[in-house]
Structures are given as C-alpha cells and as structure tokens.
Amino acid sequence: MLAYVGRRLLSLAVTLAIASAIVFTVMEILPGDPAEVMLGTNARPDTLAALRAQYGLDRPAPERYLAWAGGLLQGDMGLSYTYSVPVTQLVAERMWVSLPLALIALTLTTLIAIPVGALAAAKRNSATDVGVMTATQVGIAVPNFWFAMLLVLVFAITLRWLPAGGFPGWKAGAWPALKALVLPAVALALPQASILARVMRSSLLDTLGEDYVRTARAKGLTRAQTVRRHALRNALIPVLTIMGLQFSFLLAGTIIIENVFFLPGLGRLVFQAITQRDLIVVKSVVMLLVASVVVVNFLVEVGYAAVDPRLRRRV
Amino acid sequence: MAHRIARVLSLALVAGIAGFAAGVASAAPRKDVTLGVRLEPPHLDPTAGAAAAIGEVVYANVFEGLTRIDRNGAVKPALAERWEVSPDGRTYTFFLRKGVKFHDGTDFDASDVKFTLDRARAADSVNPQKGLFAPIEAVEVVDPATVKVALKQPTGRFLFDMGWAAAVIVAPESAADNRTKPVGTGPFTLATWAKGDRIELARNPNYWGRPAALDKATFKIIGDPTAAFAALMAGDVDAFPIYPAPENVDQFKADPRFKVVVGNTEGKTILAMNNGRAPFTDIRVRRALSQAVDRKAVIDGAMYGYGAPIGSHFAPQDKGYVDLTGRYPHDPKAAQALLKEAGVAAGTRLRLVLPPPDYARRGGEIIAAQLRKVGIEAELVPMEWAQWLSEVFKNRNYDLTVISHVEPLDLDIYARESYYFDYKNPEYKALYDELAATSDEGKRIELLKKAQEKIADDAVNVFLFLLPKIGIWNAELKGLWENAPIPVNDLTEVRWGE
C-alpha cells in the first residue's frame, strides 16, 4: 500500500510540474503586455521599459519560470502586477466569497436533486416522472445568467427583499453577507440541480434493475423499503462523482454569475486578471485550481485502492 | 388565539416604530453616497497607471495637483494659490498654499512639488503621461511656499497639463506606497478597499480648504450594464455618473426617483485608418470612406442617439472649435466613384478591429454594413484591450479600427512620429509645433482652427461622434459633474437635498 501511495505521489508531482510549464507557456504566448495595459496609449517607450523592469519582465523566460515555480513551492504566489499586493492575499479575500457561495449552491443542489431524482426513478413513467424530466430539461436549457436576471427583477427590483448584487463582506455581519449570496446561489444551483437530478434518476433506475434488488424484493421488502435500504446507497456513487466535479466548477466557473451579481469572487478575479494581463495572478490561480483537482483525484484514487486491493497492483 | 393577536399587534407596533425611525432619519440630509463605477481601478496611484478608473476615484478627492480642472474644463488654482508666467513663457512661478498637510500628517511644501515633478520625468519614471513633463527643464525651490519651473520652450497648455490626474502632488515619504495606500492632500482619505467590490473614502477632518459635505463616499464596482441597471433601480447605488447602457436610459427618464443628465466628454470617437498601409496611403480612399460612413446612423444605432457628431479631432465644447461635420457629406455614390478612381476593386477585404467597449462593437457592425454598400468587405475582428494595445496600437497591424480618444485637446497625436494611424504630414507637424509654443490666446485659437481643418482636409480618420457622458442619479443628489472634461468623479461639491 505504501509503495502504491508513493507511486501515486510521484505521478502527482510530475502532473503538477507539467501543468505549471504549460500554464506558464500559454501565458507567454498570450498577446498583450502588462506594462502596456497599465500605462495606456500615452506611454513612452522608456516608461514602459521602466515598468517592465519593475515587474521583472525584462528577465529571460526560463529564469522567470523558475522564480515563479520556486515561489509556488514555498506558498509564495508573487505580487500582482495590477494591484501591487501579494496574490495569496487576493486569493484569500476572494475565497471568502467563492467558497461559501459554492458550498451554499452545492447544498441547495443536493437538497433539490436527490429527493427529486429519487422520486422520479421510484415512480418511473408516472406523471411525476414526466413532470420532473420536463422541468429538469428546462433547467438545463435555460442559461443561468438569464435566470439570474429574472431573480434580480423579481426579488431585488420589484419586491426589494434582497440586494441586486454586491457583497458587503463578512465583517458586515453574517446575515447581510448571506443575504447577498442567496440569489446567486439559487441561480447557480438550479441548472446544477437539474443535471444532478437526472443523474440521480438514471443511476437509481440502473440499480433498481440489479439482481440484489430483485432478491430484496423476493425477500418480502416493499418497493419503498428496497429503494431506501438497498438501491439508494449504491445509486449515490455516480452522483457523488458528479457532485465532486460540480464543486470545482462552482468554485471558479461562475464568472458570468459573479458578473451579473457583481460579486468579488475567484472567477471574476481570474477574468479581470486576464483582461488586464495581470499574468502572475492568472498563472497562480490556475495552478491553484489544477492542484486542487489533482489532489482531490489523488485522494479518491488512494481511497479506491484502500477499498479495493486489486487496484494497488495496477498503476 | 389571544396570544396570536398580541403577537401580531406587537409586530405591527415594532414595524410602526421602525417606520417612524426611518421617517426621522430621512429628515436630516444624508451624509453618505454610493456611486456605481464600471471598472475597478487597478491601483490608486494616478502617477503610475493610465486607467481612467484611477482618476475617477482619487482625482480632486484624495489627490490634488498644483492646478485643477473644474467641471467646465477650466484651469483653477489648487495647491498653487496663484502663479506668474514670465514674458517669454518659459518660467512659471507657483505660489503655494500654506498650512496644507498630507493625510499622513506630513507638511506639504515646495520640496514636495519638486519631488513630484522630478520623479515624473526621471529615467525610471513609470508615469503614464510622462510627455506632460517633457517640456520641464528644471524645478527650483525658491522658499517653502514658492516653486520656479523652467521650461525648455514655451508651452501653451502647461497649466492645463499640471491639472491632469497624472500630475497630482505626492510626498517622498509616501509615494512608493500610493498604489495601495494613497496619501494625498485632498478632502477625502481612503478608508477601505474591498477588492473587486468597493472602495470607501472618508472625509479628511484636517483638510485645508472647504470641508466636504459628505462623511463617506463609496465607489461600488459594477461591470455589467444589466447589473448597473438593477443596482440603480433597487437603490443599491445612488448614482451612476458614467452610465454604461444607453439602451435603457428611457426607463430612468420616466421614473421621478431619478435624474438623467446627458453631458459631454472629451472622447472623440473615430474610425481610425492605417494611413501607412495601402489602400489608405491614397487620400482619395480616405475621403471615400469619410463619405461612405453615415455618422447619424452610427450614433442612432450604436449609441441610441446619444453623442454629438464631429468632423475633426476636436470636441465641440472646447475653445477654438470649428464645425467640420459638413466637410464630407454622406454620399455612397460619390464614395464609390472615388474608390473606383483610386483603383480599389469592388469586394476589397479589409480588417476592422474592434476593442471591447460597446460603442466600438456596435458601431463597427453598422460601419461594416455601410462600407459593404460602397464595395468594401470589412472583416470584423473583435479584440480585448491588451491585444488591441499590442496589435493595433503598437504594431500597427490593422486596416481599420473604432476607438475613442478621451484625452482632452490631444491634437498632438497627429504630429507624433509613428503613431498608430501613421499620419505623416510635415505641414501639420509645423503647424502643431507653432501651436504648442504659442501662449497668446487669440493666436492659439486661430492655429487650433487651422489644425482641425488640416486634419479634416487630409481625412486622416473618419470622425464619428463625441462620446456622451450619461449620468443617472437620485433626484435628491446634488453637485455631481454634468460633463466630463476629464474622467473624474469630483465629490467636493456633492451633497443631499436643497
């Protein structure tokens, strides 16, 4: 087992090293110069050169790569070109918005999707099932930003129950901060819940066709008991895998929703950094996301191996 | 049951008290304001970044210059109480205000002025407008309240230039940290900056001049036009001084809670032509395009009718303006004939590069349709800012682009070597050099007119319209600027009520 974990760790390190080289190269190829963006159209060549030197952009690329990657290893993401503050600080600030938002949205997704999906599967081909399938089809088809605008129109402009956007910060109190996250979380959760409910439904239907379910029924359990005790747990495995993917999407893939609600989240940080060519921020945040996905995968693999000894032999 | 009635009653009572409290609170004028801004400033040091968003927060509020530009675009005294100009126009003596302190408590005096000006023109300067300081030969501290600035040649607009955001006075003690902790002399200090969300300014209790009426001002960053609409409608922001969505202005006009003020900016929006590249090396082609484009259709389509037409690179509200909008009347037939004469075949393909602003993206589509009518196929190439700056502005790798030049009185760009539209005319250059060295008002106006006419005559670019400043704010809010002679949000006169 130890040898297996060692091999997986090595491959994790290699993956991260390759990813960092790719991310760095892509940022090098990207047209546009951070100094030009900062100094604008009246900048003189000598001023641009001075600013490039300040940013350290006058040094050769391999040297800059090593400095950046070395810094990352020590937890130092460098200094943002635009904001002139450490990237770690920027990321930490944004995490306080993105992480709670992702968690709330994922909780809502789960709370909606699992009961709804299970219900649809249990009552296959009934009116309920058709209703759920139609509703989730609409949920997937309607873009979440459009849905977000509808929510703003109803709850912020007409009813004035919730703010139209922005984030007051957790220092302003838990309630005002949560209030600011309600509409974006709902807008994010509904399409995700639609996807997850469908996964839940088909996964449960698959398990309901398994032999052990028939055995359970033959043993004399009612249909509801079978679903609850035997089928549901097994059906949840693919659902959990999808949820894991959804969480990483919700953490940084919410650029559009963050724009609609002008939330200072991680997605908008990356977006803004790309347009301003704050490349050091882009590189570091992308690496952070890569690292989190790779580490989660590593944990999952080790977890599978712990459960199933056959997996340890294959690398 | 009785219990429930009591609960309902007590709720009603609480609601009543809350309502009463709110009523009392609204009787006294509010002391805070929340302004929506489209772009977040990258940092807060106007002497180290070109982004207009920096000046929109700090100019006149946090930082002040020797002179300042007021709401009408006029030069007014600021940290310099008054000044004297030598008869040869080469020496400016500034008499400074006394008793002025920076936000960190250090004194402001002549040495800070010398430090600021020397820093801006130093070899390692990162000032985005270093050109403003190029005419300076030497800065001399006469006494703590007097500074003498010697110029290499007379510079007609020197006092105006010293009022720009990039020329604000900073202190040697704090200059290095101004990006994140701006320390100026203005009526507001930076309170908090929640990055990505808002910037809060607080009143400076030790301000040398008339104290601000507001205790607190918040700049809320709202990039999305639809979100800007929602934030105003929901009352999350009190004003959007530069409102980004002309398409839904009418809804605010119909709502008595809001005031809609359409003013002007210095943003000369042009269809720039690459004068250094065929077919635009031929003046007939440039003139043909000037006739092919229908300004009014562009203004109506891209700007929903907001924006005044221009006929040269000059804003109508500025002194010395000549109306040249009739120089090339819209005439597709004449344009077609000119193109034929110049040997431009029908169906010629050109690249029309469009930067991100809406005026460019929308305007570009309309212009492409108009060009198609005279036989030019414009291929629309959308680009983001950074790419536009390197591809179009630096490398001049384009045929056509739509862009707004927001710097005031920037006729100098037509005299610059290897500027992106690559206009080379020694006659114009001589004209501009004469203008730059002229301080006499009457002579300046005469030269300004000649310069505008020359640019229009040579059809350097197709001149479209002046970018409007659409301001929307709470009807009770007073004192915001109607026009934007420079892109700023001066809060010194902003207050609530009568």
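For residues that are over 15 Å from B:Arg327 (Cα atoms) and among the small types (Gly, Ala, Ser), scanning just segment B:303-316, find the one that is surrounded by the fewest Cβ atoms within 10 Å (Cβ to Cβ). The selected residue is B:Gly305. Looking across B:Asp112, B:Asp104, one residue alone is open to solvent by 50 Å² or more (accessible area, probe 1.4 Å) and more than 30 Å from B:Trp473 (Cα to Cα). It is B:Asp104. Counting only residues that are more than 14 Å from chain B (Cβ to nearest Cβ) and either without any contact (Cβ under 8 Å) to a residue 24 or more places away in the chain or of a type in the set (Asp, Glu) (or both), segment A:139-166 holds 1 of them. Within segment A:205-227, is even one residue open to solvent by 10 Å² or more (accessible area, probe 1.4 Å), among the acidic types (Asp, Glu) and either in contact (Cβ under 8 Å) with a residue 60 or more places away in the chain or part of a helix (DSSP H, G or I) (or both)? There is at least one residue in segment A:205-227 that is open to solvent by 10 Å² or more (accessible area, probe 1.4 Å), among the acidic types (Asp, Glu) and either in contact (Cβ under 8 Å) with a residue 60 or more places away in the chain or part of a helix (DSSP H, G or I) (or both).
Among the residues of segment A:271-286, write down those that are assigned to a helix (DSSP H, G or I) and either within 11 Å of another protein chain (Cβ to nearest Cβ) or open to solvent by less than 20 Å² (accessible area, probe 1.4 Å) (or both). Residues satisfying the conditions are A:Phe271, A:Gln272, A:Ala273, A:Ile274, A:Thr275, A:Leu279, A:Val281, A:Val282, A:Lys283, A:Ser284, A:Val285. Of the set (1) touching a Gly at 6+ places or on another chain (Cβ under 9 Å); (2) without any contact (Cβ under 8 Å) to a residue 40 or more places away in the chain, all apply to B:Arg203 but (1). The test for being free of Cβ contacts under 8 Å to residues at least 60 places away in the same chain and over 24 Å from B:Gln291 (Cα atoms) holds for B:Glu384. Screening A:Ala3 against (1) away from chain B (no Cβ under 12 Å); (2) among the hydrophobic types (A, V, I, L, M, F, W, C); (3) surrounded by 14 or more Cβ atoms within 10 Å (Cβ to Cβ); (4) farther than 17 Å from A:Val286 by Cα leaves a single unmet condition, (3).
The residue list A:Leu10, A:Leu16, A:Leu51 contains one member that is in a helix (DSSP H, G or I) and within 25 Å of B:Val406 (Cβ to Cβ), which is A:Leu51. The test for being buried (at least 18 other Cβ atoms within 10 Å of the Cβ) and more than 10 Å from chain B (Cβ to nearest Cβ) does not hold for A:Gly169.
Under 27 Å from A:Pro143 (Cα atoms), at pLDDT 85 or above and in contact with a helix residue (DSSP H, G or I) (Cβ under 7 Å, 6 or more places away or on another chain): does that describe A:Val285? Show your work before the answer.
Values: under 27 Å from A:Pro143 (Cα atoms): yes; at pLDDT 85 or above: yes; in contact with a helix residue (DSSP H, G or I) (Cβ under 7 Å, 6 or more places away or on another chain): yes.
Yes: the conditions hold for A:Val285.
Being at pLDDT below 95, open to solvent by less than 40 Å² (accessible area, probe 1.4 Å), outside any loop (DSSP other than H, G, I, E, B) and within 14 Å of chain A (Cβ to nearest Cβ) narrows it down to one residue among B:Ala53, B:Ala48, B:Ala120; which is it? Working first, answer last.
Working: B:Ala48 fails: outside any loop (DSSP other than H, G, I, E, B); B:Ala120 fails: at pLDDT below 95.
Residue meeting the stated conditions: B:Ala53.
Filter segment B:263-302 for residues that are touching a residue at least 24 places away in the same chain (Cβ under 8 Å), closer than 19 Å to B:Lys424 by Cα and either open to solvent by 40 Å² or more (accessible area, probe 1.4 Å) or in contact with an Asp or Glu (Cβ under 8 Å, 6 or more places away or on another chain) (or both) and give the result. Passing the criteria: B:Met273, B:Asn274, B:Asn275, B:Gly276, B:Arg277, B:Phe280, B:Ile283, B:Arg284, B:Arg286, B:Arg287.
Take segment A:72-119 and flag every residue that is more than 14 Å from chain B (Cβ to nearest Cβ), farther than 17 Å from A:Leu288 by Cβ, of a type in the set (S, T, N, Q) and surrounded by fewer than 22 Cβ atoms within 10 Å (Cβ to Cβ). Correct list: A:Thr107, A:Thr110.
Rundown of residues vs (1) assigned by TED's automatic domain parsing to the domain that holds B:Pro309; (2) open to solvent by 10 Å² or more (accessible area, probe 1.4 Å), yes/no style:
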{"residue": "B:Asn425", "(1), (2)": "yes, yes"}
{"residue": "B:Tyr428", "(1), (2)": "yes, no"}
{"residue": "B:Glu434", "(1), (2)": "yes, yes"}
{"residue": "B:Asp440", "(1), (2)": "yes, yes"}
{"residue": "B:Lys443", "(1), (2)": "yes, yes"}
{"residue": "B:Glu453", "(1), (2)": "yes, yes"}
{"residue": "B:Ala475", "(1), (2)": "no, yes"}
{"residue": "B:Pro485", "(1), (2)": "no, yes"}
{"residue": "B:Val488", "(1), (2)": "no, no"}
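Count of segment A:19-32 residues, restricted to those that are under 14 Å from A:Ile280 (Cα atoms), assigned to a helix (DSSP H, G or I) and in contact (Cβ under 8 Å) with a residue 12 or more places away in the chain, is 6.
Filtered by the rule that a residue be closer than 21 Å to B:Pro244 by Cα and hydrophobic (A, V, I, L, M, F, W, C), segment B:53-72 gives B:Ala53, B:Ile54, B:Val57, B:Val58.
Name the single residue that is surrounded by the most Cβ atoms within 10 Å (Cβ to Cβ) among those in segment A:21-59 being at the interface with chain B (Cβ under 10 Å from one of its Cβ atoms) and among the charged types (D, E, K, R). Taking the candidates together, the pick is A:Glu36. When B:Gly89 is tested against (1) of a type outside the set (Ser, Thr, Tyr); (2) open to solvent by less than 40 Å² (accessible area, probe 1.4 Å); (3) without any contact (Cβ under 8 Å) to a residue 12 or more places away in the chain, only condition (3) is not met. Within segment B:99-111, identify whether any single residue is assigned to a strand (DSSP E or B) and at pLDDT 95 or above, and answer yes or no. Looking through segment B:99-111, at least one residue is assigned to a strand (DSSP E or B) and at pLDDT 95 or above. Could you list, in sequence order, all residues of segment A:253-270 that are under 25 Å from A:Val294 (Cα atoms), more than 10 Å from every other protein chain (Cβ to nearest Cβ) and open to solvent by less than 20 Å² (accessible area, probe 1.4 Å)? Passing the criteria: A:Thr254, A:Gly267. When the test is whether a residue is touching a residue at least 12 places away in the same chain (Cβ under 8 Å), in contact with a Pro (Cβ under 6 Å, 6 or more places away or on another chain) and away from chain A (no Cβ under 14 Å), B:Phe115 passes it.
Selection within segment B:225-262: residues that are more than 13 Å from every other protein chain (Cβ to nearest Cβ) and among the basic types (Lys, Arg). The member of this set that is surrounded by the most Cβ atoms within 10 Å (Cβ to Cβ) is B:Lys259. With a requirement of 3 or more residues that are over 22 Å from the mean Cα position of the chain (by Cα), the strands (runs of 3 or more DSSP E) lying completely within segment B:161-248 that satisfy it span B:188-194.
The values are calculated or read from the model by the stated rules, or taken from the named source; none is laboratory data. Just so you know, these numbers come straight off a predicted model, no measurement behind them. Positions of Cβ are backbone-derived with ideal geometry, glycine not excepted, and every protein chain shown enters the neighbour counts. Remember, those area values only see protein heavy atoms, side chains included, never the ligands or the DNA or RNA. Shrake-Rupley method; radii C 1.70, N 1.55, O 1.52, S 1.80 Å.
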